[in-house]
Structure formats: C-alpha cells, structure tokens
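Single-structure report; data block below.
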Amino acid sequence: MLPVLLPILKETLFHQNWEIKESGILVLGAIAEGCFTGITTHLDQLIPYLIQCLNDKKPLVRSIACWTLSRYAHWVVHQPHEFYLRPLIEELMKKILDSNKRVQEAACSAFATLEEEAGMELVPYLPQILETLVQAFKKYQAKNLLILYDAVGTLADSVGNNLNKPDYIHKLMPPLIEKWNALRDEDKNLFPLLECLSSVATSLETGFIPYCEPVYKRCLSLVKQTLENVELYQRQPDQYEMPDKDFMVVALDLLSGLAEGLGSLIGPLVANSEILRLLYQCMKDSVSEVRQSSFALLGDLTKACFESIKPVLNEFMQVLSLNLNPEYI
C-alpha cells in the first residue's frame with residue numbers, strides 16, 4: 001500500500017488547504033503500524049514537520065498532529081534525543097496547556113502514550129513535565145481531567161522512584177490531594193483519581209508518608225461503606241439499590257499501592273485498623289474483580305507486614321484455596 005500512498009501523502013501533507021493537510025496527517029498516523037518498515041526511512045523528515053504542525057493555527061490540525069506523533073513514539077524514543085524526543089516533549093507540554101479543549105485532550109493522550117514508550121528516558125525532563133501537569137490541573141474540566149489522571153499515573157509507572165524527590169512531591173501532591181478532598185465518597189470521578197494515586201503512592205515510596213494516613217483511612221471507609229450497602233441491599237432489595245462495587249476495587253488497589261510503596265512502614269496503620277476483617281469479607285465477594293484486588297492486597301500486605309497477617313492465615317488460606325478453581329483465571 002505504501003508505494004501508492006507516498007505520492008498522495010507528499011501532496012496532502014504540505015497542502016495549503018488545512019482540511020486536506022489534516023486528512024494527510026490522519027493517514028500518516030493510521031498507517032503507522034502496517035507500513036512502519038517502509039515509512040521509517042522518511043521519518044527523520046516527517047517527525048520534525050509534524051512537531052511543527054503542533055503550532056498550526058487550526059486546532060484540528062494541532063490535535064491530529066498530536067495523535068499521529070504518538071503513533072510514532074516508539075521510533076522517536078530510539079533516536080538522538082536532541083533532534084526528536086526533546087523538541088517533541090517541549091511542544092507537547094505547550095499543547096497540554098492549549099486554549100482549545102480538543103487539543104488539550106489529544107496532547108495529554110499522546111503524552112501518556114509517549115510516557116509508556118519512553119519510560120526512564122523521561123527522567124531528565126521531569127521538572128518541565130511536572131510543571132506542565134500541575135498547571136493543567138488548574139485548567140482542565142471534567143472530561144480532560146480523566147486523561148490528566150491517566151497521564152500522571154502513567155508517568156509514575158514509567159519513572160518509578162525517580163519521582164521521590166522533595167521538590168517533585170511538593171509540586172505534584174497538592175493538586176492531587178485538593179481533588180481528593182473535593183470529591184465526595186459516592187462520586188464516580190474518584191475511580192480514575194484512586195487509580196492515579198495508587199501508581200503515585202507506589203512510585204513515591206516513603207515520599208508518600210505525609211499523605212498516607214488520610215488516604216489509607218478513606219480507602220478503608222470506602223470499602224466498609226460499600227460492604228454495608230451491599231448488606232442493606234441483600235436484606236431489602238426493594239428499598240435499596242445495588243451499590244457500585246468498583247468503589248471497593250479501586251480502594252483495594254490503592255491500598256495495595258500504599259503497601260507496595262511504604263513496605264514495613266504501613267505496619268502500624270494495619271495493626272490499628274480493621275483492614276483484615278474487611279479484607280476477609282472482600283475475599284469472599286461474589287464479584288471476581290473484588291476478589292482479585294483483595295488477593296493482590298493480601299499479597300502486598302504479607303510482604304510488608306507479615307506479623308499482622310500471621311494470626312489470620314488459617315481463615316485466609318481456606319478462602320484462597322477455594323479460588324484455585326481453573327475457571328477463575
């Protein structure tokens with residue numbers, strides 16, 4: 001297909017009419033996977049051109065350029081940084097703060113893809129990245145916030161404990177905690193935030209200690225509330241509605257992130273709370289996702305503070321053995 005497309009792309013990509021140019025950039029992104037081998041010989045010219053298109057005066061050209069660049073992130077990361085990765089990060093940071101919401105969304109999504117490909121290569125650019133993401137928290141509304149949480153979580157997964165530096169923590173944590181405090185317990189917008197915090201907690205390790213206790217207590221409270229509401233529903237299904245068990249799943253996952261990040265330092269919190277009683281109930285839940293997250297948490301707590309787990313091992317082992325059924329992948 002590529003030999004047929006190349007001459008057409010040469011005309012469309014550089015066309016004066018922005019709508020035709022936009023369609024050319026879209027095609028270039030669409031063929032990224034299937035025509036990768038053939039197109040690579042042209043990428044040293046195409047990538048700088050696409051980075052230039054990020055500044056086009058038409059928002060649709062800017063947003064499609066973000067997407068197409070993300071499709072070639074794998075190639076960009078393996079080239080000399082000063083020619084491709086650095087200029088791409090610099091321009092994407094500007095687009096994350098673009099005045100157009102659609103461009104913000106495309107840039108933030110493209111950056112999340114780039115993070116996965118680049119991993120530790122992003123470490124030198126962390127100050128600039130964090131500065132931008134923190135500004136985006138002030139600017140973004142509901143829909144784009146979800147993508148922003150994803151970008152922050154992916155960043156934490158990609159650079160690991162390189163985020164655990166006082167100045168990075170002081171930048172990143174206040175906007176996250178502000179959102180965390182603003183959302184009510186029954187608000188489903190908590191899900192993406194909890195997922196994001198779970199990656200951040202694992203990545204910050206001991207750097208998360210100042211935020212640990214309130215986050216830990218709220219997660220337990222979310223699990224407890226959901227279990228109580230399930231009980232109410234089972235007793236009087238005509239008066240109550242079935243609660244959303246995803247609240248439990250994300251809360252259990254965040255507790256796992258805390259246990260993994262803090263290690264033995266989570267011991268006192270575990271010892272002085274009813275986490276093991278709640279965990280035992282979650283392990284027997286009818287929904288497989290709830291059970292899966294509770295087993296993961298049990299594994300992390302066993303590594304972090306075995307002394308607390310030891311007294312209840314007998315009951316836990318019985319529940320675990322019931323789940324060794326091959327049907328439960």
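A few notes on this one:
Here is a yes/no grid of residues against (1) aliphatic (A, V, I, L, M); (2) open to solvent by less than 30 Å² (accessible area, probe 1.4 Å):
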{"site": "Gln16", "(1), (2)": "no, no"}
{"site": "Gly24", "(1), (2)": "no, yes"}
{"site": "Val27", "(1), (2)": "yes, no"}
{"site": "Glu33", "(1), (2)": "no, no"}
{"site": "Asp44", "(1), (2)": "no, no"}
{"site": "Pro48", "(1), (2)": "no, no"}
{"site": "Cys53", "(1), (2)": "no, yes"}
{"site": "Pro80", "(1), (2)": "no, no"}
{"site": "Glu90", "(1), (2)": "no, no"}
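- Taken as a whole, the stretch 58-66 holds at least one residue that is at pLDDT 95 or above, surrounded by 13 or more Cβ atoms within 10 Å (Cβ to Cβ) and not in a helix (DSSP H, G or I).
- Meets criteria (among the hydroxyl-bearing types (Ser, Thr, Tyr) and in contact (Cβ under 8 Å) with a residue 40 or more places away in the chain) for Ser221: no
- Asp253 in a helix (DSSP H, G or I), of a type in the set (Asp, Glu) and open to solvent by less than 50 Å² (accessible area, probe 1.4 Å): no
- The set of residues in the stretch 300-319 that are surrounded by 14 or more Cβ atoms within 10 Å (Cβ to Cβ) and more than 20 Å from Val223 (Cα to Cα) comprises Ala304, Cys305.
- Among the residues of this structure, Arg102 does not count as one that is without any contact (Cβ under 8 Å) to a residue 40 or more places away in the chain, open to solvent by 50 Å² or more (accessible area, probe 1.4 Å) and either of a type in the set (A, V, I, L, M) or part of a helix (DSSP H, G or I) (or both).
- Meets criteria (aromatic (Phe, Trp, Tyr) and under 26 Å from Ala182 (Cβ atoms)) for Phe306: no
- Where a residue in the stretch 289-306 is in a helix (DSSP H, G or I) and its partner, wherever it lies, is aromatic (Phe, Trp, Tyr), with Cβ under 7 Å and at least six apart: Leu298/Phe316
- Residues (in contact with a Leu (Cβ under 8 Å, 6 or more places away or on another chain) and open to solvent by less than 30 Å² (accessible area, probe 1.4 Å)) located in the stretch 277-299: Leu278, Leu279, Cys282, Met283, Val290, Ser293, Ser294, Leu297, Leu298
The values are calculated or read from the model by the stated rules, or taken from the named source; none is laboratory data. All of these numbers come straight from a predicted model, not from anything done at the bench. Using ideal geometry, Cβ is built from the backbone for each residue, glycine included, and neighbour counts are taken over all protein chains shown. Quick note on the areas: whole protein, heavy atoms, side chains included, nothing else; ligands and nucleic acids left out. Shrake-Rupley method; radii C 1.70, N 1.55, O 1.52, S 1.80 Å.
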